[in-house]
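Colleague: Before anything else, here's the structure in question.
The values are calculated or read from the model by the stated rules, or taken from the named source; none is laboratory data. Everything quoted here is computed from the prediction, not taken from an experiment. Cβ: placed from backbone, ideal geometry, glycine included. Neighbour counts: every protein chain shown. Just the protein is used for accessible areas: all its heavy atoms, side chains included, with ligands, DNA and RNA removed. Shrake-Rupley method; radii C 1.70, N 1.55, O 1.52, S 1.80 Å.
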Amino acid sequence: MNNTVSTSAVVYPGQWLGMLGGGQLGRMFCHAAQSMGYKVVVLDPAQDSPAGTVAEKQVYATYDDVKGLAELAALTRVVTTEFENVPAASLKQLSENCRVSPGAAAVAVVQDRIAEKAFIASQGIPVAPYAEVRSAADLEKAGQHLFPGILKAARLGYDGKGQARVANVQEALAAFESFGNVPCVLEAMLPLKEEISVVMARGFDGEVAVFPIGQNTHVNGILATTVVNPGLIAESIQHQAKQAAIKIAEGLNYFGVLCIEFFILDDNSLVANEVAPRPHNSGHYTMNACASSQFEQQVRVMAGMPLGSTQLRAPAIMLNILGDSWFHPETGVFAEPVWEKVLALPGVSLHLYGKSEARKGRKMGHVNVVHENFDTALAHARQISKILNLSQVL
């Protein structure tokens, strides 16, 4: 018997919301849900997960554990996720008794780069020239227009993992072998001017709310900064990116919060890069700079509530904090960052993820700098970069 909550039913505060995944995105979801009066149950196998330590309850199970999923479904009738690699089969199992956002079919597309590229292109949205790679023979017959390029594992890659820049077929073959000969996509490297992302929410009633577009900078494949300032990106490009994002969400029949990363090329043309079926690192600025955060929107969608305003209160800069900030850049000696110097700056908000161990390259938190004067926000962000020994990209 299917006991799924209908897509039009409202889940009121005081009831349980389910979260698949115990990472920092789940933690920030918990905070947003709890501020609205909900209780959260997290399913994650880790004993000290960032989300599990703040949720009202945790089911300790892997994401494909049938009994664990059944236990989750017994506690709540609405479930969401915090990362794209939750097995689509698990979402399908939960959908027999729960309202799930996003749904299994949408997640199945975007967690496989081959399917994702084909889907985006099918919507009439430009993507980088690419080739599907399932064997060494596929690389050997790849056109020269794809080099230099980036070879990306089709599944399970994030933060630059499972990716390699390749100048020619020989380098591509070596990278393919180092990935274990798993299915990949080979993308041509394009004349990149800027990277931007569109974070948006889509409700079960089709209502859409799009956040102000962020300009992103990555270092070693990991997002370092997101800058949001009216006028920073041409209005025509913003409009095109927002319309493309909405088209992708509608085409996927997607319900929840998602992020679409785009490249702006030297000729100001726009190319879609990737879709993240969840709140996104580049949307963290919304926690302090917008009327509603991306995590509040995630709660609103799954609970069947109206979407919140995405109005930008002031220019904002988000700085990622990696575990490197806990180590002296020259001596390598461990030391707690000087947080009081960071928090002494006006308009600064600190968000740490509750992780038990700082490791180099590990996302430990972020800082949001919000100020009505963008130049002041930029100056403060640069100061913070020095204090925390962050990558100097501003």
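Colleague: Tell me which of these VAL100 doesn't satisfy, since it passes every other one: (1) surrounded by 21 or more Cβ atoms within 10 Å (Cβ to Cβ); (2) within 23 Å of the chain's Cα centre (by Cα); (3) not in a strand (DSSP E or B).
Modeller: Condition not satisfied by VAL100: (3).
Colleague: Another question, if that's okay. Which condition does LYS57 not pass, out of (1) more than 30 Å from LEU350 (Cβ to Cβ); (2) surrounded by fewer than 21 Cβ atoms within 10 Å (Cβ to Cβ); (3) in contact with a helix residue (DSSP H, G or I) (Cβ under 8 Å, 6 or more places away or on another chain), if it passes all the others?
Modeller: For LYS57, the exception is condition (1).
Colleague: Test GLN170 against the criterion of being open to solvent by 30 Å² or more (accessible area, probe 1.4 Å) and under 26 Å from THR217 (Cα atoms), and give yes or no.
Modeller: Numbers: open to solvent by 30 Å² or more (accessible area, probe 1.4 Å): yes; under 26 Å from THR217 (Cα atoms): no.
In short, no.
Colleague: Also, quick follow-up: Among the residues of region 284-295, which ones are assigned to a helix (DSSP H, G or I) and surrounded by 24 or more Cβ atoms within 10 Å (Cβ to Cβ)?
Modeller: In the first step, residues of region 284-295 are kept if they are assigned to a helix (DSSP H, G or I); the result is 286-289, 294-295.
Matches in region 284-295: THR286, ALA289, GLN294, PHE295.
Colleague: If you don't mind, another one. How many residues does region 67-95 contain that are under 22 Å from the mean Cα position of the chain (by Cα), crowded, with 17+ Cβ neighbours inside 10 Å and charged (D, E, K, R)?
Modeller: 2
Colleague: Given the residues ARG382, ARG300, which is the only one that is part of a helix (DSSP H, G or I) and in contact with a Gly (Cβ under 9 Å, 6 or more places away or on another chain)? Walk me through how you get there before you give the answer.
Modeller: Values: ARG382 fails: in contact with a Gly (Cβ under 9 Å, 6 or more places away or on another chain).
The conditions single out ARG300.
Colleague: Just to check your reading of the model, which residue among LYS360, LYS355, LYS341 is touching a helix residue (DSSP H, G or I) at 6+ places or on another chain (Cβ under 9 Å), open to solvent by 30 Å² or more (accessible area, probe 1.4 Å) and not in a loop (DSSP other than H, G, I, E, B)? Spell out the reasoning first.
Modeller: On the way: LYS360 fails: not in a loop (DSSP other than H, G, I, E, B); LYS355 fails: not in a loop (DSSP other than H, G, I, E, B).
Selected residue: LYS341, the only one of LYS360, LYS355, LYS341 that is touching a helix residue (DSSP H, G or I) at 6+ places or on another chain (Cβ under 9 Å), open to solvent by 30 Å² or more (accessible area, probe 1.4 Å) and not in a loop (DSSP other than H, G, I, E, B).
Colleague: If you check PRO50 against the conditions, is it at pLDDT 95 or above and surrounded by fewer than 24 Cβ atoms within 10 Å (Cβ to Cβ)?
Modeller: Details: at pLDDT 95 or above: yes; surrounded by fewer than 24 Cβ atoms within 10 Å (Cβ to Cβ): no.
Against the criterion (at pLDDT 95 or above and surrounded by fewer than 24 Cβ atoms within 10 Å (Cβ to Cβ)), PRO50 does not qualify.
Colleague: Quick check on my filter: what residues within region 42-78 are under 18 Å from ALA303 (Cβ atoms) and part of a loop (DSSP other than H, G, I, E, B)?
Modeller: ALA51, ALA55, GLU56, THR76, ARG77
Colleague: Also: Sort through ASN268, ASN229, ASN273, ASN281 and tell me the only one that's more than 25 Å from ALA377 (Cβ to Cβ), touching a residue at least 60 places away in the same chain (Cβ under 8 Å), among the polar types (S, T, N, Q) and crowded, with 16+ Cβ neighbours inside 10 Å.
Modeller: On the way: ASN268 fails: crowded, with 16+ Cβ neighbours inside 10 Å; ASN229 fails: more than 25 Å from ALA377 (Cβ to Cβ); ASN281 fails: more than 25 Å from ALA377 (Cβ to Cβ).
Unique residue meeting the criteria: ASN273.
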